[in-house]
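The values are calculated or read from the model by the stated rules, or taken from the named source; none is laboratory data. Predicted model only: the values in this text are computed from it and were never measured. Cβ atoms come from the backbone with ideal geometry, glycine included; neighbour counts cover every protein chain shown. What goes into the accessible areas is simple: the full protein's heavy atoms, side chains included, and nothing from ligands, DNA or RNA. Shrake-Rupley method; radii C 1.70, N 1.55, O 1.52, S 1.80 Å.
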Amino acid sequence: DAMGGLTAHFDLAILPVGGLGAHLIIMLIGLAMTALLQSSTAAIATTLTAVHAGAISLDQAGSVIVGAAIGTTITSALVSIGASTAAKRTALAHILFNLVVGLIAFILLPAYLFALMRIANYLEIQPGALSLAAFHTLFILIGSAVFLPFTERFAQLVERLLPEKANDLTPHLDNSLLGVPAIALETAQRTIEELAQDIFIIHRQIVQNEGRVNIMQIKAQLQALESVFDFVTRTQLESDDN
């Protein structure tokens with residue numbers, strides 16, 4: 001009902017339809033919608049409702065959905081600000097995946113709409129929101145099928161683009177995890193285990209007199225342990241958590 005009243009104020013139907021430029025413009029609108037709503041799901045749901053209400057055409061809605069799929073990368077980029085290297089790599093992987101999937105969808109859209117209209121004319125039905133939902137599912141599945149065989153190489157590419165920070169002994173500690181106590185504490189435990197292994201190696205070198213011990217390395221380990229302690233104390237535990 002709300003989208004039905006949108007046509008009187010903002011009607012995308014006035015935009016040109018059919019040309020490459022029109023598709024690019026409307027795709028950018030879908031990208032902007034996702035950036036503003038901070039949710040591609042919300043943008044796509046709004047678009048499907050707009051199609052059902054007659055605010056935009058099927059052709060335009062397809063371009064908006066493609067833009068929304070690409071626009072969700074903005075949310076990933078914003079979330080990764082100040083995060084750990086692992087979180088930034090995850091965000092980068094999401095960005096690269098959606099950019100490729102968006103390109104695939106943009107290429108598939110004309111062929112899909114053509115086939116859809118042919119089928120609709122044959123069956124004498126009017127394509128609508130369900131057809132667009134199927135299109136969104138289709139190009140996401142195709143993108144996944146393209147990436148899955150190359151997952152290991154894709155991960156290596158992301159690692160090369162975002163290498164680990166030099167001498168970072170606490171790469172897993174991410175402030176964004178502080179609000180999720182279970183994950184935050186597990187991350188802290190994993191970091192402590194890795195630091196303990198390094199400390200045991202240093203201890204063995206001292207006991208067995210295996211070369212000169214690097215004092216700066218020991219200080220770095222102690223500083224890393226203090227960082228873990230600070231991370232745990234800032235974890236937001238509920239009053240009934242043990």
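Numbers for the structure displayed
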{"quantity": "Filtered residue count, region 77-91, keeping only those that are hydrophobic (A, V, I, L, M, F, W, C), within 17 Å of Q38 (Cα to Cα) and crowded, with 19+ Cβ neighbours inside 10 Å", "calculated": "1"}
{"quantity": "All positions within region 221-242 that are outside any helix (DSSP H, G or I) and either modelled with pLDDT under 80 or open to solvent by less than 80 Å² (accessible area, probe 1.4 Å) (or both)", "calculated": "T235, Q236, L237, E238, S239, D240, D241, N242"}
{"quantity": "Output for region 78-96, where each listed residue is within 23 Å of L148 (Cα to Cα) and in contact with a helix residue (DSSP H, G or I) (Cβ under 6 Å, 6 or more places away or on another chain)", "calculated": "R89, A91, L92, A93, H94, I95"}
{"quantity": "Contacts under 6 angstrom Cβ, first residue in region 212-231 being more than 15 Å from A196 (Cβ to Cβ), partner surrounded by fewer than 16 Cβ atoms within 10 Å (Cβ to Cβ), 6 or more apart", "calculated": "V213/Q205; V213/I206"}
{"quantity": "Members of region 32-57 found to be out of contact with any His (no Cβ under 7 Å at 6 or more places or on another chain), closer than 20 Å to V101 by Cα and part of a helix (DSSP H, G or I), listed by number", "calculated": "A32, M33, T34, A35, S40, T41, A42, A43, A45, T47, L48"}
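Yes or no, residue by residue, for (1) more than 30 Å from A42 (Cα to Cα); (2) modelled with pLDDT of 85 or more; (3) not in a helix (DSSP H, G or I):
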| position | (1), (2), (3) |
| --- | --- |
| I142 | no, yes, no |
| F154 | no, yes, no |
| K165 | yes, no, yes |
| L173 | yes, no, yes |
| T191 | yes, yes, no |
| Q197 | yes, yes, no |
| G211 | yes, no, yes |
| K219 | yes, no, no |
